[in-house]
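Asks: Pasting in a structure now, in structure tokens, and then I'll have a few things to ask.
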Amino acid sequence: MPGTEVVRKQTTLGGAAGIALLIFALVYRFFPGWIHITPAMQQRADVDATHAPRLPTAAIKARNPATDPGKATLAADTEYGPPAPLSDDSEFVQPTETGALTMGPPAPEVPTTKAIAAMLKKANQALDAGHLIAPRDNNALALFEQALAADSNNAAAKTGLEKVRDGLNEQAAAALDHGDIGESEKLISALQAVPGDTPELDALNERLKVLRIVTPMLTEAADLLRQGHAIEPKDASALGVYRKVLEHDSANKLADQGLAQIERDYLDRALAAAAQDDFAGAEKVLADAAPIRPGSQALLDTHSRIEGLRQQRAGSVLEQARSALDSGNPDMAEQLSKRALALSPDVPGIDEFNQKLSNARLYASFAPGQLVRDKYLDRSGNAPELVVIPTGSFLMGSPGDENGHRASEEPQREVRISVGFALSATEVSVGEFREFVKATTYVSDAEKSGGSSVYDEASGRMIEVRGVSWQQDYHGEPASERLPVIHVSWNDAQAYAVWLSERTGKHYRLPSETEFEYALRAGTKSRYWWGEDTPLKVLANVTGDGDRSPSKRGWSNAFSHYTDGYWGPAPIRSFSANPFGLYDIDGNVSEWVEDCWHDNYTRAPSDSRAWVNPGCESHVVRGGSWGSAPDQVRSAYRIQAAANTRSARVGIRLARDL
């Protein structure tokens, strides 16, 4: 009797089999199309039936009732005939009646024999080595074809032939590129023999046809090059032949290489000319080269190189021009700058240099408005500060209808200031004049004659007082160092200018009358440099109706609604500068100029020169002072004074040549 464990296992297996049989019956009942039994399957089932109980025919029919008229029902198993024997390698087949798929693996490929495998290996080695059609019996094409002859369905051989076809196509194209007719013919012929479709053949044959035409022409062009007929004569030159080749074959590499060789000769000659600074010659050669290969990269690169050489050379010459200018040779500097411009019209820095050259000729390398202070050469110290005055032109004098006009201010005339000069930024101070006197023991005209004019507070008038000189202020008291020096004559001003010239090595002088009015106006055309009437704000030390002396005196003829806070001269730089940067050019104190006095401007110079007559005794005083009436502050106002005149209202302003 079996044991408990055995019974349990039999029970489990029997239950599983019963469940599986139930599932099969249900599927067959409701989805009969899912199970299609072929005769072969039936035969296998019949064989298996010898080892398992067979279902009755009635049971089979019950599980597959003829409810679907489009489906055939299973007949009794006796209708299938006797069972056929089954072998191990039999396959399931697909019935042709219904087209339903059968359950079975695809047919296996025919195994590759050792001989074919060896042949394929050898063919692949030849393919890798590039031996597509040679040597005769040991090339990739022949070996793959042999493999296919042995096995017409061999996939590896077919793939190999495809690779051979691709390789032959590439080699044929390369041979055509190099102009090798023989090699091209051989490769194209081999390509035609490769089994399968080769769409590239037509194009290759067309190229071969063209190559047969252009090859003699290429040979002719090469011969002409060797003979030195690159571009001449036009009807029999290598250039002309290469162009004909390109008419037949626009992509012909040999023709393009020939043209590149001709172009290279031109480009080399252009570079050689540029290296010799013959940039005009280089441009001409480049112009001749341009039509050979229009827009070629080599041509563009050579243009860039030559332009770089041009810029570099022009910059070098301009640097030489700067050195010449710095060494004080403007003529040489100008010649070099013109040469730099001839080399390259847009040489960097040329505009800046031209401005500097112009300044050098006009202002000795200074710039208009620049402040200059010369050092003494033989001692410590500096000359008074100067302002560089820009060149220009102006209308000198006053029109007849100007309020306060005088006959001495006409006729008006256009004056050109064509040479730059510098003018003292301020009036010469007491301290600056004292330095001159101490260094030279100079004795002024006031000291020689015994006095000068001062303002008398009691009478409100200017009176002559003995013992007054440059060391006193406007009412005869000791003057502070920052006050403008007064009580100095034209002669004293000339002596001070000569001393400064000796100390600095520069030419100091009194300004000409033309220079003074030009600098005072500073580009304006009005009565005063600030406008037509009373200043709108405190700009200068002039007479104002609000000014008061220490004893509360006022001016009877003054600017209305104006006061500057001073009665008498103010320390230098107490007021605003005019547009040229000059302080107290109008107001504070009047100033001597170089010119001799003339009653009017008839026959006066039309440039910046001083109008001097040898031996003249009277000179011109320009600019209003702290005690001048408004008409006397006008830009055109002028007055005469003897060369030895001293006054509490007249001081010094110097000019310097640049």
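Asks: Around Leu539, with a cut-off of 12 angstrom between Cβ atoms, what is the net charge of the other residues, counting Lys and Arg +1 and Asp and Glu -1?
Replies: Charge balance near Leu539 sits at -2.
Asks: Among the lysines, select those whose C-alpha is under 24 Å from the C-alpha of Lys122, and discard any that sit fewer than 8 residues away in the same chain.
Replies: Lys114, Lys158, Lys163, Lys186
Asks: Could you name the aspartates and glutamates whose alpha carbon sits less than 17 Å from that of Lys552, not counting residues in the same chain fewer than 8 places away?
Replies: Counting by Cα, and skipping residues close in sequence, Lys552 has these aspartates and glutamates nearby: Asp456, Glu457, Asp564.
Asks: Can you tell me the convex hull volume per residue for segment 114-199, based on C-alpha atoms, in Å³ to the nearest whole number?
Replies: 84
Asks: Can you sort Ile231, Ile292, Ile572 by how many other beta carbons sit within 10 Å, fewest first?
Replies: With the sparsest Cβ surroundings first, the list reads Ile231, Ile292, Ile572.
Asks: For Lys234 and Ala115 in the same chain, what is the full-extension length gain: residue separation times 0.36 nm, less their Cα-Cα distance, in nm?
Replies: Result for the pair: 36.2 nm of gain on full extension.
Asks: A follow-up question, please. Across segment 368-374, in residue order, what do the Karplus-derived ³J(HN,Hα) couplings come to in whole Hz, using 6.51 cos²θ - 1.76 cosθ + 1.60 with θ = phi - 60° and x for Gly and Pro?
Replies: x, x, 5, 8, 10, 9, 7
Asks: Testing the spin-label approximation: label points 7 Å from Cα along Cα→Cβ at Arg466 and Ser189. State their distance in nm.
Replies: Rounded to a tenth, the inter-label distance reads 14.0 nm.
Asks: Using modelled backbone amide H atoms (1.01 Å from N, in-plane), which distant-in-sequence or interchain residues come within less than 5 Å of Cys596's amide H?
Replies: Trp611, Val612, Asn613
Asks: Which ³J(HN,Hα) values in Hz, rounded to whole numbers, follow from the phi angles of segment 317-330 under the Karplus curve 6.51 cos²θ - 1.76 cosθ + 1.60, where θ = phi - 60° and Gly and Pro get x?
Replies: 3J(HN,Hα) across segment 317-330, in whole Hz: 5, 5, 5, 5, 4, 4, 5, 4, 5, 5, 8, x, 10, x.
Asks: With the Cα gyration tensor of segment 417-476 giving a ≥ b ≥ c as the square roots of its eigenvalues, does the rule (a/c under 1.5 for rounded; else a/b larger than b/c for prolate; else oblate) give rounded, prolate or oblate?
Replies: Because a/c hits 1.5 or more and a/b fails to exceed b/c, segment 417-476 counts as oblate.
Asks: Report ³J(HN,Hα) in whole Hz for each residue of segment 606-612, in order, from the Karplus equation J = 6.51 cos²θ - 1.76 cosθ + 1.60 where θ = phi - 60°; Gly and Pro get x.
Replies: 9, 10, 8, 5, 6, 9, 10
Asks: Continuing with the same structure: Report the trypsin sites (Lys or Arg not before Pro) located in segment 549-650 that are in a DSSP loop and have at most 16 other Cβ atoms inside 10 Å of their Cβ, or state none.
Replies: The qualifying sites are Lys552, Arg553, Arg573, Arg603, Arg609.
Asks: Turning to a different aspect of this structure: Between segment 589-658 and segment 300-364, how many Å separate their Cα centres?
Replies: Spelled out, the Cα-based centre of one part sits 44 Å from the other.
Asks: On a full-extension model of 0.36 nm per residue, what is the gain between Val612 and Gln355, subtracting their alpha-carbon distance, rounded to one decimal in nm?
Replies: Fully extending the segment from Val612 to Gln355 adds 89.2 nm.
Asks: Could you work out how far apart the two model spin labels at Lys375 and Ala129 are, taking each label as a point 7 Å from the Cα in the direction of the beta carbon, and quote it in nm?
Replies: 8.9
Asks: When the Cα centres of segment 171-186 and segment 213-263 are compared, how far apart do they sit, in Å?
Replies: 20
Asks: Amide H to amide H under 5 Å from Gly651: which residues, 5+ apart in sequence or cross-chain, H placed 1.01 Å off N in plane?
Replies: Result for Gly651 returns Ser590, Glu591, Trp592.
Asks: Place a label point 7 angstrom from the Cα of Ser560 along the Cα-to-Cβ direction, then list the residues of segment 520-551 whose backbone nitrogen is under 15 Å away.
Replies: 532-536, 544-546
Asks: Also, I was wondering about something else. If packing is taken as the average count of other Cβ atoms within 10 Å, what order do 612-619, 121-128 fall into, highest mean first?
Replies: Averaged packing, sorted descending, gives the order 121-128, 612-619.
Asks: Measuring from a point 7 Å past the Cα of Ala439 along Cα-to-C-beta, which residues in segment 375-400 have an amide N at less than 14 Å?
Replies: 375-385
Asks: Can you give me the long-range amide H partners of Tyr528? Hydrogens built in the peptide plane at 1.01 Å from N, cutoff under 5 Å, separation of 5 or more residues or another chain.
Replies: Long-range HN contacts for Tyr528: Ser635.
Asks: Mind checking the full-extension length gain between Asp177 and Arg305? Use 0.36 nm per residue of separation minus the Cα-Cα distance, one decimal, nm.
Replies: Residue separation times 0.36 nm, minus the Cα-Cα distance, leaves 42.9 nm.
Asks: Mind listing the Cα extents of segment 309-363 along all three principal axes, in Å, largest one first?
Replies: 33, 17, 13 Å, listed from the longest principal axis down.
Asks: How about segment 354-418: which chymotrypsin sites (Phe, Trp or Tyr not before Pro) there lie in a loop by DSSP and see at most 12 other Cβ atoms within 10 Å?
Replies: Those that pass, being in a loop and sparsely packed, number zero.
Asks: Can you tell me how segment 306-410 classifies by the Cα gyration tensor, rounded, prolate or oblate, using a/c under 1.5 as the rounded cut?
Replies: Judged from the Cα gyration tensor, segment 306-410 comes out oblate (a/c at least 1.5, b/c at or above a/b).
Asks: Based on the alpha-carbon gyration tensor of segment 214-341 and its eigenvalue square roots a ≥ b ≥ c, which shape applies: rounded if a/c is under 1.5, prolate if not and a/b is larger than b/c, or oblate?
Replies: Prolate is the answer for segment 214-341, as a/c is 1.5 or above and a/b outweighs b/c.
Asks: At R0 = 56 Å, how high is the FRET efficiency between Lys552 and Asp326 if r is their beta carbon distance? Nearest 0.05 is fine.
Replies: 0.40
Asks: If you don't mind, there's one more thing I want to ask. Which ordering of Phe144, Phe279 is given by a fewest-first count of other beta-carbon atoms within 10 Å?
Replies: Final ranking by Cβ density, sparse to dense: Phe279, Phe144.
Asks: Just want the ordering: Asp595, Asp235, Asp657, Asp346, from fewest to most Cβ atoms lying within 10 Å of their own Cβ.
Replies: Asp235, Asp346, Asp657, Asp595
FYI, it's all coordinate maths here, none of it is from the lab. If you're wondering where the values come from, they're calculated on a predicted model, not measured in any experiment. In this analysis, Cβ positions are derived from the backbone assuming ideal geometry, glycine residues included, and neighbour counts consider all displayed protein chains.
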